Amino acid sequence: MAKHEIAWSRVGEQAEFRTAGGSGPGTISLAGNRVNALEPAWPARLGDLAFEVLAWQAPPEPKSRYPDRPSSGGLLMSMPQHRPILHHHLVLPLLLVACSIGVRQGPPFDEVFPDASVLVTTTDPASVRARLDESQLPDSKAHHERLFALLRSRQQLHAAHVVLLTNAVGRPETITCFIDGKRLFRYGPRGTGESAKVIDQLLTEGIDRITEIDRRSFGDLIAITQSDTTLRLYTDRFLARVDDGSTAALEQMLDGMTGSPALASFLGVLAPQGGLDGERGWAAFAHSAFDSDRIMVLKVLLTRDAPIDGERMVSTMRAFSFDSSRQEAFGLLAPKVHPLEVEHARASIATFSFDSGREAAFAALGKQGDVQLTDELLVAFVKMCSFDSGKLQCVQALANSLHGEPDGDAARSLLAAFSFDSGRQGAVAVMAKRWLELPLADRQRLLATFSFDSERQQATWLLMR
């Protein structure tokens, strides 16, 4: 299993990683709120599986030969002074310690298992699974027939044995990784390719041979199902046996389903039965390791009639790793919280890392009819954005949510939050109708925030008519 060491080589642009054992180096890059792999050293398909660089120390900014000129050696030179994008410690969303993607790096299956019958006879399935997950699996009809022969040779099996057989079928889309010492899987699409048919046939033939099953093995089997038909076979047969309605039972089942697209279908079975009612459902959300899993659970939870309060919204938003997921979650949560208090909206929007996510959240917030903002709060929202474009979109989205008398000091602070006159001009165009209610002296103070006469004259026409 390959281990990757990551170190930034240029501020804000790309990182270099080396694979333990000498393969590499390769590069990755930051684009928006995603970590993108660059060929050839890392496969392009990462999905939402990324890693977290803890305590990354930015390289020192190169010094210019000319003391009176700003350095051009890094990205920070183009950032507004009051809002640096890159901090001394950059944190990306998920800690990935070691990962094997696609083609496995270990020895061939036949070398690891010269006697493959251990898959159905072992009394220590966990250690066999660990060896299996590191071995290179054959993608041949003969290998698949061998697995069927092993299954048919036993009339009684523990569910863990069927887990081993199904995971001995090669699925190149599956990502195997260790996070904080815990082995996790990120499965590919269900039902694709010949291997999916083999897995579902093993599950279908194996179900009547299972005499013992525990919660983790049940979760593992659900995770690898390649169709909802097979999933329902297993939930109908075993769910009542392994689920006693406790939070602990749910968490133990979900341990085996991390990163599996079958999770959504499983939750779709569980929810109508009341299996996600109360805090048990939110425990399922908290137990999710990947953003895609969190979104799946959240969608199911929000179909319930139970009210969502602002504190729950904030804690839910903080659980996500990527802005793209936060954006989807905010859009799901905001319509469900009544009333959505401004402090909860502000705390939720503060979870975003980039202006693009904040802009989408502001747009969703502006569509909430029961949100009432003061001028001071609009200024606070605007200051959360890094660039003038994001600040202007915030003003455009939330201007109609302002209530109460306009405040001259807040209006001046709003314009002062912009870095350039073009942004100020755009804000004046949006706010002019409201600001025309300000005393003349306050409107003159607004004009003083402009740096150039051309934009000041345009603002004068809007504010002094």
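Each reported figure results from applying straightforward, stated rules to the coordinates on display, with no laboratory input. Note that the structure is predicted; figures quoted are calculated from it, not measured. Backbone-built Cβ (ideal geometry, glycine too); neighbour counts: all protein chains shown.
Given a Förster radius of 30 Å and the C-beta distance between residue 451 and residue 376 as r, what FRET efficiency does 1/(1 + (r/R0)^6) yield to the nearest 0.05?
Working: r = 24 Å, r/R0 = 0.82.
Approximately 0.75, to the nearest 0.05.
Just give me a number: lysine pairs in segment 288-438, eight or more positions apart or cross-chain, with C-alpha atoms less than 19 Å apart. If you can, show how the numbers build up before the last one.
Numbers: 299/336; 336/367; 367/391; 383/391; 391/433.
Step by step, the pairs that qualify in segment 288-438 add up to 5.
Report the FRET efficiency, 1/(1 + (r/R0)^6), for residue 399 and residue 251, where r is their Cβ-Cβ distance and R0 is 35 Å, rounded to 0.05.
Details: r = 45 Å, r/R0 = 1.29.
Rounded to the nearest 0.05, the efficiency is 0.20.
By count of other Cβ within 10 Å, fewest leading, how are 317, 257 ordered?
317, 257
Rg and Dmax in Å for segment 183-311, alpha carbons only: what are they?
Cα radius of gyration and Dmax of segment 183-311 are 14.5, 49 Å respectively.
With Cβ to Cβ distances under 15 Å as the rule, what net charge do the other residues near residue 215 carry (K, R +1; D, E -1)? Could you put the intermediate results ahead of the total?
Numbers: positive: 216, 237, 241, 280; negative: 212, 214, 220, 243, 244, 251, 255.
Spelling it out: positives minus negatives among the neighbours equals -3.
Fewest Cβ neighbours within 10 Å first, please rank 394, 385 accordingly.
Taking fewest neighbouring Cβ atoms as first place, the list is 385, 394.
Rg to Rh for segment 379-465: what is it, with Cα atoms only and Rh by Kirkwood?
Numbers: Rg = 11.7 Å, Rh = 12.7 Å.
Rg/Rh for segment 379-465 comes to 0.92.
Using modelled amide H (1.01 Å from N, peptide plane; none on Pro or chain starts), what sits under 5 Å from the amide H of residue 210, excluding residues fewer than 5 places away?
157
Calculate the spin-label point distance for residue 237 paired with residue 319, positioning each point 7 Å from the Cα along the beta-carbon direction, and give it in nanometres.
Each label point lies 7 Å from its Cα, and together they span 3.1 nm.
Would you mind ranking 359, 134 so that the residue whose beta carbon has the fewest other beta carbons within 10 Å leads the list? If you can, show how the numbers build up before the last one.
Numbers: 359 22, 134 15.
In increasing order of surrounding Cβ atoms, one gets 134, 359.
Mind listing the long-range amide H neighbours of residue 373? Cut-off is under 5 Å, sequence gap 5 or more, other chains count too, H placed in the peptide plane at 1.01 Å from N.
Those lying under 5 Å, H to H, from residue 373 are 402, 403.
Can you work out ³J(HN,Hα) from phi for every residue in segment 252-268, in order, using Karplus 6.51 cos²θ - 1.76 cosθ + 1.60 and θ = phi - 60°, giving whole Hz and x for Gly and Pro?
My calculation for segment 252-268 gives 5, 5, 5, 3, x, 9, 4, x, 9, x, 6, 4, 4, 5, 5, 5, x Hz in order.
With θ taken as phi - 60° and the coefficients 6.51, -1.76 and 1.60, list the Karplus ³J(HN,Hα) couplings across segment 405-421 in order, rounded to whole Hz; mark glycine and proline as x.
Using θ = phi - 60°, the values come out as 6, x, 10, x, 5, 5, 4, 5, 5, 5, 5, 5, 6, 7, 8, 10, 4 Hz.
On a full-extension model of 0.36 nm per residue, what is the gain between residue 441 and residue 429, subtracting their alpha-carbon distance, rounded to one decimal in nm? List each step's numbers first, then the result.
On the way: separation 12, 0.36 × 12 = 4.32 nm, distance 1.89 nm.
The span from residue 441 to residue 429 would gain 2.4 nm if fully extended.
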